[in-house]
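One structure is given here, and the rest of the page talks about it.
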Amino acid sequence: GESVGLHLPTLSVQEGDNSIINCAYSNSASDYFIWYKQESGKGPQFIIDIRSNMDKRQGQRVTVLLNKTVKHLSLQIAATQPGDSAVYFCAETPASGGSYIPTFGRGTSLIVHP
Amino acid sequence: NAGVTQTPKFQVLKTGQSMTLQCAQDMNHNSMYWYRQDPGMGLRLIYYSASEGTTDKGEVPDGYNVSRLKKQNFLLGLESAAPSQTSVYFCASSPGQGKNIQYFGAGTRLSVL
């Protein structure tokens with residue numbers, strides 16, 4: 001999983017497996033969270049988001065889970081495909097009234113083996 | 001719809017040279033950002049602009065300057081390039097409030113020799 005201050009973690013999975021990428025965020029006042037995907041040589045791209053009044057949100061093949069008690073966020077990718085290979089970043093954003101500047105984690109590298 | 005466009009895509013500078021990285025967005029976003037990304041690291045905020053004509057320092061502003069004279073453009077300047085500024089630079093834009101999803105450009109790969 002991902003944690004600020006450590007080496008970039010790597011998750012290796014086989015094609016077709018489910019992947020779980022974890023993120024520990026730091027600010028208990030953050031109320032909006034986003035997952036981004038960054039493919040090699042490209043800029044980060046939005047995947048899915050969740051507000052702090054929710055604990056789960058589903059998209060197409062992706063699910064984000066939020067546990068505010070332990071300040072933990074996870075991204076689940078179902079039936080992982082080679083095209084999912086990328087670095088995944090979580091970002092936390094302060095509650096409304098602030099600067100809305102997100103704070104990014106260092107990222108987790110996902111490698112999908114065919 | 002081009003989104004966020006960065007120019008140039010690649011640049012090599014000698015120590016002490018100056019240059020400007022350009023960023024343009026066509027989504028009418030209020031906020032724009034400049035980040036740098038070094039190997040194995042996440043995105044570090046250099047400067048941001050919450051609205052046209054305003055700029056604020058981020059986490060690593062030293063050695064850089066910015067300007068936001070037009071809503072659609074955000075320029076990042078290096079006055080006297082140093083090898084420590086070798087990095088990949090990303091520009092992003094966002095609505096600036098509420099669901100503040102950022103949209104990123106493809107990056108500028110800068111090498112300072």
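May I ask you to list the residues of region B:77-96 whose amide nitrogen lies under 13 Å from a point 7 Å from Cα along the Cα→beta-carbon direction of residue A:10?
No residue qualifies, since no backbone N sits under 13 Å from the label point.
Given N residues in chain A, what is Rg(Cα) / (2.2 N^0.38 Å)?
It is 1.02.
What is the magnitude of the charge dipole of chain A about its Cα centre, with +1 placed on the Cβ of each Lys and Arg, -1 on the Cβ of each Asp and Glu, and no other charges, expressed in debye to the nearest 20?
Charge dipole, chain A, about its Cα centre: 200 debye, nearest 20.
Using the Kirkwood formula on the Cα atoms of the protein assembly as shown, what hydrodynamic radius do you get, in angstrom to one decimal?
Taking the inverse mean of 1/r over all distinct Cα pairs, the protein assembly as shown comes out at 18.1 Å.
Would you kindly state how much longer the chain becomes between residue B:111 and residue B:17 on full extension, computed as 0.36 nm times their sequence separation minus their alpha carbon distance, in nm to one decimal?
Working it through step by step, the gained length comes to 32.7 nm.
Can you give me the distance in nm between label points at residue A:42 and residue B:73, each placed 7 Å from the Cα along the Cα-to-Cβ direction?
That separation, rounded to one decimal, is 2.8 nm.
With N denoting the number of residues in chain B, provide Rg(C-alpha) divided by 2.2 N^0.38 Å, to two decimal places.
After normalising by residue count via 2.2 N^0.38 Å, the value is 0.99.
Of B:48, B:37, A:9, which is farthest towards the positive pole of the protein assembly as shown's charge dipole, taken about the Cα centre with +1 and -1 on the beta-carbons of Lys, Arg and Asp, Glu respectively?
B:48
In debye, nearest 20, what is the charge dipole magnitude of region B:9-113 about its Cα centre with +1 on Lys and Arg Cβ and -1 on Asp and Glu Cβ, if you could check?
Roughly 180 debye for region B:9-113.
Please report Rg over Rh for region A:37-100, where both radii come from the alpha carbon positions and Rh follows the Kirkwood definition.
0.99
What number, in percent, do you get for the relative contact order of region B:1-63 if the mean sequence gap of Cα pairs under 8 Å and at least 6 apart is divided by its residue count?
Dividing the mean separation by the residue count of region B:1-63 yields 23 percent.
Taking the Cβ-Cβ separation of residue B:62 and residue B:86 as r and a Förster radius of 22 Å, what is the calculated FRET efficiency to the nearest 0.05?
In this case the efficiency is close to 0.90.
Residues of B:83-94, mean number of Cβ from any other protein chain within 10 Å of their own Cβ, rounded to a whole number?
Rounded to a whole number, the mean comes out at 1.
All of the numbers you see were taken from the coordinates with simple rules; none came from a lab. Predicted model, so just to flag it, every value in this text is computed and none were measured. Neighbour counts run over all protein chains shown; Cβ positions are idealised from the backbone, glycine included.
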